[in-house]
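Enquirer: Starting off with a structure, shown below.
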Amino acid sequence: MSLIDEARAVRENAYAPYSRFKVGAALRAGSGAVFRGCNVENVAYPEGTCAEAGAIAAMIAAGETELTELAVIADSPTPVSPCGGCRQKLAEFGRHDVKVTLATTDGQRFETTIGALLPGVFSTEHMNRV
Ligand code: THU
């Protein structure tokens, strides 16, 4: 199954009763294994988690730390754009040239990279004086 189809499938399980905006994410890890995540909202709204964060958590829980490709899908007018926090989370585990495919359920695709999503990423180099 393609990464987009994996993301499309897990999106069905999203828990989004407040926004009604379901998102699915699927990533390929260093071993080739695929990990999926969906958004999980909460009545205390800021406690919700994004699909991308869920996929990263699944990868880490399985003992992997390298993200090599990502796909995200939602039912949006244009391909869904990862939030700022998720861009930083993606940069933690994927190189700047990692391919990211953003998709809509009606078939639009936008290809980008982790580096393009977050210019000026905060990195360990900023802490070199500590
Ligand atoms: N959301 C994601 O899961 N990923 C994105 O890339 C954009 C936004 C979720 C968070 C929240 O549950 C809902 O979409 C509306 O913001």
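The values are calculated or read from the model by the stated rules, or taken from the named source; none is laboratory data. Owing to the predicted nature of the structure, the values given are computational and were not obtained by experimental measurement. Don't worry about glycine lacking a Cβ; one is built from the backbone with ideal geometry, like all the others, and counts go over all protein chains shown.
Enquirer: Could you pull out the residue among 33, 25, 7 that is in contact (Cβ under 8 Å) with a residue 12 or more places away in the chain and near the ligand (Cβ under 8 Å from one of its atoms)? Before you say what the answer is, go through the steps one by one.
Expert: On the way: 33 fails: near the ligand (Cβ under 8 Å from one of its atoms); 7 fails: near the ligand (Cβ under 8 Å from one of its atoms).
It is 25.
Enquirer: Say whether the condition of being farther than 15 Å from residue 6 by Cα, surrounded by 14 or more Cβ atoms within 10 Å (Cβ to Cβ), at pLDDT below 95 and more than 14 Å from the ligand (Cβ to nearest atom) is met by at least one residue in region 61-70.
Expert: Looking for residues that are farther than 15 Å from residue 6 by Cα, surrounded by 14 or more Cβ atoms within 10 Å (Cβ to Cβ), at pLDDT below 95 and more than 14 Å from the ligand (Cβ to nearest atom), one finds none in region 61-70, hence no.
Enquirer: Is one or more of the residues making up region 99-106 over 14 Å from residue 26 (Cα atoms), touching a helix residue (DSSP H, G or I) at 6+ places or on another chain (Cβ under 9 Å) and not basic (Lys, Arg)?
Expert: yes
Enquirer: Might you check whether a residue that is out of contact with any Cys (no Cβ under 8 Å at 6 or more places or on another chain), closer than 19 Å to residue 4 by Cα and free of Cβ contacts under 8 Å to residues at least 24 places away in the same chain occurs anywhere in region 117-126?
Expert: Looking only at region 117-126, we keep the residues that are out of contact with any Cys (no Cβ under 8 Å at 6 or more places or on another chain), and these are 117-126.
Checking the rest, the ones that are also closer than 19 Å to residue 4 by Cα come to 117.
If we keep only those that are free of Cβ contacts under 8 Å to residues at least 24 places away in the same chain as well, we get none.
Within region 117-126, none of the residues are out of contact with any Cys (no Cβ under 8 Å at 6 or more places or on another chain), closer than 19 Å to residue 4 by Cα and free of Cβ contacts under 8 Å to residues at least 24 places away in the same chain.
Enquirer: Moving to a separate point now. Is it the case that region 28-42 has a residue that's among the β-branched types (Val, Ile, Thr), under 26 Å from residue 95 (Cβ atoms) and within 10 Å of the chain's Cα centre (by Cα)?
Expert: Of all residues in region 28-42, those among the β-branched types (Val, Ile, Thr) come to 34, 40.
Narrowing the set further to residues that are under 26 Å from residue 95 (Cβ atoms) leaves 34.
From what is left, the residues that are within 10 Å of the chain's Cα centre (by Cα) are none.
Within region 28-42, none of the residues are among the β-branched types (Val, Ile, Thr), under 26 Å from residue 95 (Cβ atoms) and within 10 Å of the chain's Cα centre (by Cα).
Enquirer: What are the pairs, 6+ residues apart or on separate chains, where a residue within region 83-100 that is on the phi < 0 side of the Ramachandran plot and free of Cβ contacts under 8 Å to residues at least 12 places away in the same chain has its Cβ under 6 Å from a residue that is crowded, with 19+ Cβ neighbours inside 10 Å and not in a helix (DSSP H, G or I)?
Expert: Listed pairs, sorted by first residue: none to list.
Enquirer: Among the listed residues 73, 56, which satisfies the condition of being near the ligand (Cβ under 10 Å from one of its atoms), touching a residue at least 24 places away in the same chain (Cβ under 8 Å), out of contact with any Leu (no Cβ under 6 Å at 6 or more places or on another chain) and within 21 Å of residue 13 (Cα to Cα)?
Expert: Details: 56 fails: near the ligand (Cβ under 10 Å from one of its atoms).
Unique residue meeting the criteria: 73.
Enquirer: Pick from region 36-53 the residues that are near the ligand (Cβ under 8 Å from one of its atoms) and of a type in the set (A, V, I, L, M, F, W, C): which of them is surrounded by the fewest Cβ atoms within 10 Å (Cβ to Cβ)?
Expert: Filtering region 36-53 for residues that are near the ligand (Cβ under 8 Å from one of its atoms) and of a type in the set (A, V, I, L, M, F, W, C), the one surrounded by the fewest Cβ atoms within 10 Å (Cβ to Cβ) comes out as 40.
Enquirer: Turning to a different aspect of this structure: Pick from region 76-105 the residues that are hydrophobic (A, V, I, L, M, F, W, C) and within 12 Å of the ligand (Cβ to nearest atom): which of them is surrounded by the fewest Cβ atoms within 10 Å (Cβ to Cβ)? Even if it seems obvious, please write down each step before you answer.
Expert: If we filter region 76-105 for residues that are hydrophobic (A, V, I, L, M, F, W, C), which is where we start, we get 80, 83, 86, 90-91, 93, 98, 100, 102-103.
Narrowing further to those that are within 12 Å of the ligand (Cβ to nearest atom): 80, 83, 86, 90, 100, 102-103.
Working: 80: 23, 83: 12, 86: 22, 90: 27, 100: 24, 102: 23, 103: 22.
My answer is 83.
Enquirer: Of the numbered conditions (1) more than 12 Å from the ligand (Cβ to nearest atom); (2) under 25 Å from residue 124 (Cβ atoms), residue 2 satisfies every one except a single condition; which is it?
Expert: Evaluating residue 2 over (1) more than 12 Å from the ligand (Cβ to nearest atom); (2) under 25 Å from residue 124 (Cβ atoms) leaves (2) as the failure.
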